[in-house]
1. Being under 30 Å from Glu80 (Cα atoms) and more than 21 Å from the chain's Cα centre (by Cα) is the filter here; which residues of the range 1-50 pass it?
Amino acid sequence: MFIGMPDNGDLWLNRYESPDFRTQVRNVWTELESLYAEVYAYVRFRLRQQYPSDIPQPDDPIPAHLLGMIIKQTTTPLPEDD
């Protein structure tokens, strides 16, 4: 037992615990929400230019197939339509 912790892993993770975690997350989201909205609007605008018939109404989510593989490590542009 390490200083009241069952194992060393819990000891390492303990510094990330916070009694007001939800408040911290809410505060971070409040700070980032306007940036998120602007980036989202810009992405929709650019996708609407590239794929005018594939972008649904402004309140609908962006179709995943238009964004390519979001988790891949490279940032190559989408191929041009011929």
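1. Those that are under 30 Å from Glu80 (Cα atoms) and more than 21 Å from the chain's Cα centre (by Cα): Gln49, Gln50.
Conditions tested, residue by residue: (1) part of a helix (DSSP H, G or I); (2) out of contact with any Gly (no Cβ under 7 Å at 6 or more places or on another chain); (3) hydrophobic (A, V, I, L, M, F, W, C).
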| residue | (1), (2), (3) |
| --- | --- |
| Tyr16 | no, yes, no |
| Thr23 | yes, yes, no |
| Thr30 | yes, yes, no |
| Glu33 | yes, yes, no |
| Val39 | yes, yes, yes |
| Tyr42 | yes, yes, no |
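Rule-based calculations on the coordinates, nothing more; no lab input. Keep in mind that what you see is a predicted model, and the values were worked out from it rather than measured. FYI the Cβ positions are ideal-geometry reconstructions off the backbone, even for glycines, and counts take in every protein chain you see.
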